[in-house]
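First the structure, in the form of structure tokens, and then the observations on it.
The values are calculated or read from the model by the stated rules, or taken from the named source; none is laboratory data. As the structure is a computational prediction, the values presented were derived from the model and not from experiment. Backbone-built Cβ (ideal geometry, glycine too); neighbour counts: all protein chains shown. For accessibility, only protein heavy atoms count, side chains too; no ligands or nucleic acids. Shrake-Rupley method; radii C 1.70, N 1.55, O 1.52, S 1.80 Å.
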Amino acid sequence: MNEQNEYFDSEGFKEILRQYEESVKSGERIYMDADDLADIADYYHLNNRMDEANAAISLAMEYNSEAVGPMLYKAREAIEAKDYDTAEKYAQKVEPLDSLEAVYLRAELLVIKEDIDSADKLLLDYSKDVPTDEYKDFVKGVVQLYLDYTQFIKAFEWIARTDGGNTNGFKELMAQTLFGLGKFKDSEKLFNELLDKNPYSSQYWNALAGVQYMNEDYSSALTSSEYALAINPDDANSLVSKANTLYTMENYDDALVYFQKYSEKMPDDEFGFYHQGLCLINKGKYEESLELFKKAISIAHIDSVYLPDIYCETAFAYSKIDNLDQALWCLSMTEQLDCDHANIQVMKGHLLLTFKMDKEASDEFRKALEMSDNNQKIQLQIIVSYQDNMHLNFAYKLYTEFFKHVDEKWVDGYSYMALCCNDLNKDDEFLQYLQKACECNPKEAKIVLNVLFPQDMDPKDYYDYALKHLND
């Protein structure tokens, strides 16, 4: 767990929080150190309890607006609002009081602006004057900063600059860094070592669940998230970890329950309501899903990375209850969002095709191709849409032409072509594309072609099975 979480789990912080919450409950004003109040605000912010966070930081600013803690909180508040000038002003105020926090803050601003080289130079220059006995802690702070902004290569470089020894702190940072670099097995090994020393850490169990999930070991990920919940049944991260895993395992009933529990803990997070809606979509409960999607939209910030997908899923739900106008309106709401607009255009075409509006669909597909400069992935999505809407002969012709122009490294779409050939009784071509699909993209083959084969069969065995059973 990082140092902030360690502090929040400490008895000292719990006592400060208890005193503060008792004063709030009683309505009696309490005098507390401004930095302690800023820590309480950080705690509430971390747990998405924004009204309580705002109340705590307001009291901290009232008591001492020039204390380091409140100024750092306000600086990060400004960063969240993308008000970088204000954040820099706070960095200038903090510097005479705490040069270390000021340099972290300035480096963070540079990283946000994607000026990684300048951020790294700033940190390297500062590190030259850091006392030897403080150097490891400084490096840990730098690594955590880079991890917060998914700069995993830089995080790895800084870990290599010091011998963290066998300490839990550095081992955790290395595990997180390896996870970010896609070294899931190595990351899993380190988290298991951390759990050997601290088996009652819900944070470590959650981290392990995340690694196992990314490694597609869903059964183990589910077990790890359950251990985390056994330690802390109210932990939001554990709830959403279990919910995500259950969803991926297509256990939508149980996933829905845990997404609901997550939303109870995090009522201002659109992620939980969005995924409740997805569970209902997969259960065929389209009208019920719409209520959840509307709730997610109502609380999502305009910059939410989930908002384009929420609108798309809302559009899909409307299409399933034959309300094309509302579906298209939902897609139009993505026009001002930061997302892949060509993909949205393909979805518009797909919806129109579903409603037998072939000419209008063709116009939308043409716009998508223009917007994407004839991107091959967009071309493939359009062909799949025709196939999904049972324009099989037309899709077959498009696939045949499409695969003439892809290079030898192209791996997508062969499973769809195999399925199309199977539906058109083109047996020889079915076998040809099946073999190609299973060789170059077994994951896609499993998703697209599993209806033709035993559910527990590995895609590497599809071709031989098809040869034996082709005429059954």
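Just name one of GLN176, GLN212, PRO459: the one whose Cα is farthest towards the positive end of the charge dipole of the chain (beta-carbon charges, Lys/Arg +1, Asp/Glu -1).
Highest projection toward the positive end goes to PRO459.
Please identify which residues in the stretch 180-213 have an amide N closer than 17 Å to a label point set 7 Å out from the Cα of ASN166, following the Cα→Cβ vector.
Once the point is set 7 Å along Cα→Cβ of ASN166, 189-199 turn out to lie under 17 Å by backbone N, inside the stretch 180-213.
What nm distance separates the two modelled labels at ILE30 and THR132, each placed 7 Å from Cα along Cα→Cβ?
Here the answer is 4.4 nm between the modelled labels.
For the stretch 131-146, in order, what is each residue's ³J(HN,Hα) by Karplus, 6.51 cos²θ - 1.76 cosθ + 1.60 with θ = phi - 60°, in whole Hz (x at glycine and Pro)?
Working through the residues one at a time gives x, 4, 6, 10, 5, 4, 5, 4, 4, 4, x, 5, 4, 4, 4, 5 Hz.
Once you've got the Cα coordinates, tell me which of LYS294/LYS377; LYS121/LYS189; LYS25/LYS74; LYS185/LYS242; LYS367/LYS443 are over 27 Å apart.
Working: LYS294/LYS377 30 Å; LYS121/LYS189 33 Å; LYS25/LYS74 25 Å; LYS185/LYS242 20 Å; LYS367/LYS443 30 Å.
Those over the limit are LYS294/LYS377; LYS121/LYS189; LYS367/LYS443.
Note the full-extension length gain between ILE153 and MET50 as 0.36 nm times their separation in residues minus their Cα-Cα distance, in nm to one decimal.
Contour length minus Cα-Cα distance gives 33.8 nm.
When ligands, DNA and RNA are left out and all protein chains stay put, how many square angstrom of accessible area per residue does the chain have with a 1.4 Å probe? Display every interim value, and only then the final one.
Details: 24880 Å² over 472 residues.
Counting only protein heavy atoms, the per-residue value for the chain is 53 Å².
Give me the extension gain from TRP329 to THR400: residue separation times 0.36 nm, minus the current Cα-Cα distance, reported in nm with one decimal.
On the way: separation 71, 0.36 × 71 = 25.56 nm, distance 3.44 nm.
Residue separation times 0.36 nm, minus the Cα-Cα distance, leaves 22.1 nm.
Could you give each residue of the stretch 36-45 its phi-based ³J(HN,Hα) in whole Hz, using Karplus coefficients 6.51, -1.76, 1.60 with θ = phi - 60°, and x for Gly or Pro?
5, 5, 5, 4, 5, 4, 4, 4, 5, 4
Once you have the Cα-Cα distance between ASP9 and LYS82, take 0.36 nm times their residue separation minus that, and quote the gain in nm to one decimal.
Details: separation 73, 0.36 × 73 = 26.28 nm, distance 3.02 nm.
Fully extending the segment from ASP9 to LYS82 adds 23.3 nm.
Taking the Cα centre of each part, how many Å lie between the stretch 150-174 and the stretch 311-361?
45
Which of the trypsin sites (Lys or Arg not before Pro) found in the stretch 73-107 are in a DSSP loop and have at most 12 neighbouring Cβ atoms, other than their own, within 10 Å? Mind showing how you got there, number by number?
Numbers: sites: LYS74, ARG76, LYS82, LYS89, LYS93, ARG106; in loops: LYS82.
Qualifying residues, ordered by number: LYS82.
Roughly how many percent of the accessible protein surface of the chain is carbon and sulfur, given a 1.4 Å probe and a whole-percent answer? Each step should come with its number before you reach the end.
On the way: 11880 of 24880 Å².
So the carbon and sulfur contribution to the accessible surface is 48 percent.
With a cut-off of at most 12 other beta carbons within 10 Å, and DSSP calling the residue loop, which GluC sites (Glu not before Pro) in the stretch 1-108 qualify? Please list them. List each step's numbers first, then the result.
Details: sites: GLU3, GLU6, GLU11, GLU15, GLU21, GLU22, GLU28, GLU52, GLU62, GLU66, GLU77, GLU80, GLU88, GLU101, GLU108; in loops: GLU28, GLU66.
For GluC sites (Glu not before Pro) across the stretch 1-108 that sit outside H, G, I, E and B with at most 12 neighbouring Cβ atoms in 10 Å, the list reads GLU28, GLU66.
If the cut-off is 16 Å between C-alpha atoms, which aspartates and glutamates fall inside it for LYS426, apart from same-chain ones fewer than 8 positions away?
Cross-link targets: ASP472.
Quick one, can you get me the convex hull of the C-alpha atoms of the stretch 330-416 expressed as volume per residue in Å³?
On the way: hull volume 8.9 nm³, N = 87.
Taking the convex hull of the Cα positions in the stretch 330-416, it is 102 Å³ per residue.
Under a point spin-label approximation (7 Å from Cα along Cα-to-Cβ), what is the MET457-LYS377 distance to one decimal in nm?
The answer from the label model is 3.0 nm.
Test of understanding: extend the Cα→C-beta vector of SER58 to 7 Å, then name every residue of the stretch 268-301 with backbone N under 20 Å from that spot.
So the set is 268.
Through the Karplus equation 6.51 cos²θ - 1.76 cosθ + 1.60, θ set to phi - 60°, convert the phi angles of the stretch 307-317 into ³J(HN,Hα) values in whole Hz; use x for Gly and Pro.
Per residue, the Karplus-derived 3J(HN,Hα) values read 4, x, 5, 4, 4, 5, 5, 5, 4, 4, 4 Hz.
Check the straight Cα-Cα distances from LYS140 and name the lysines below 16 Å, setting aside those fewer than 8 residues away within the same chain.
LYS140 reaches LYS128, LYS154, LYS171.
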